[in-house]
1. Quick check on region 21-44: of everything there that is over 13 Å from the mean Cα position of the chain (by Cα) and charged (D, E, K, R), which residue is nearest to GLU9 (Cα to Cα)?
2. Any idea how many residues of region 1-56 are in a helix (DSSP H, G or I) and either free of Cβ contacts under 8 Å to residues at least 40 places away in the same chain or of a type in the set (S, T, N, Q) (or both)?
3. Is it true that LEU54 is modelled with pLDDT under 95, surrounded by 13 or more Cβ atoms within 10 Å (Cβ to Cβ) and touching a helix residue (DSSP H, G or I) at 6+ places or on another chain (Cβ under 9 Å)?
4. Residue by residue through region 58-76, note down the ones that are touching a residue at least 12 places away in the same chain (Cβ under 8 Å) and under 16 Å from the mean Cα position of the chain (by Cα).
5. Would you say LYS62 is open to solvent by 80 Å² or more (accessible area, probe 1.4 Å), at pLDDT below 95 and assigned to a helix (DSSP H, G or I)?
Amino acid sequence: TATIEKINEARMLMKDPECRLSTEGIAESVGIGYSKFRKIFKEYTGVPPTQYRLQQKLSKAKELLTSSMMNISEIS
């Protein structure tokens, strides 16, 4: 459905380390009000959007720590 496509679009934005939008900004960019976005996102993924985004950042940091020569301050 169109709503699921919007949630997947938001998930892609959250995975992009270059994306500087807030969670509210991401909801706006996919055309859903923030309250509705939070509810639908959690129903679809099982976690709130803010927690999902944090998990993505931590996963990327873990990957960089184990597979690159970057130091902790560069990664953070």
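1. Per the stated criteria, the residue is GLU28.
2. 35
3. Details: modelled with pLDDT under 95: yes; surrounded by 13 or more Cβ atoms within 10 Å (Cβ to Cβ): yes; touching a helix residue (DSSP H, G or I) at 6+ places or on another chain (Cβ under 9 Å): no.
Here the answer is no, as LEU54 does not meet what is asked.
4. Here is the first cut: in region 58-76, the ones touching a residue at least 12 places away in the same chain (Cβ under 8 Å) are 60-61, 75-76.
Result: LYS60, ALA61.
5. Details: open to solvent by 80 Å² or more (accessible area, probe 1.4 Å): yes; at pLDDT below 95: yes; assigned to a helix (DSSP H, G or I): yes.
Here the answer is yes, as LYS62 does meet what is asked.
The values are calculated or read from the model by the stated rules, or taken from the named source; none is laboratory data. Given the structure is predicted, the values throughout are model-derived calculations rather than measurements. Positions of Cβ are generated from backbone atoms using ideal geometry, with glycine treated the same way; all protein chains shown enter the neighbour counts. To get the accessible areas, we keep the full protein, side chains included, count just its heavy atoms, and leave off ligands, DNA and RNA. Shrake-Rupley method; radii C 1.70, N 1.55, O 1.52, S 1.80 Å.
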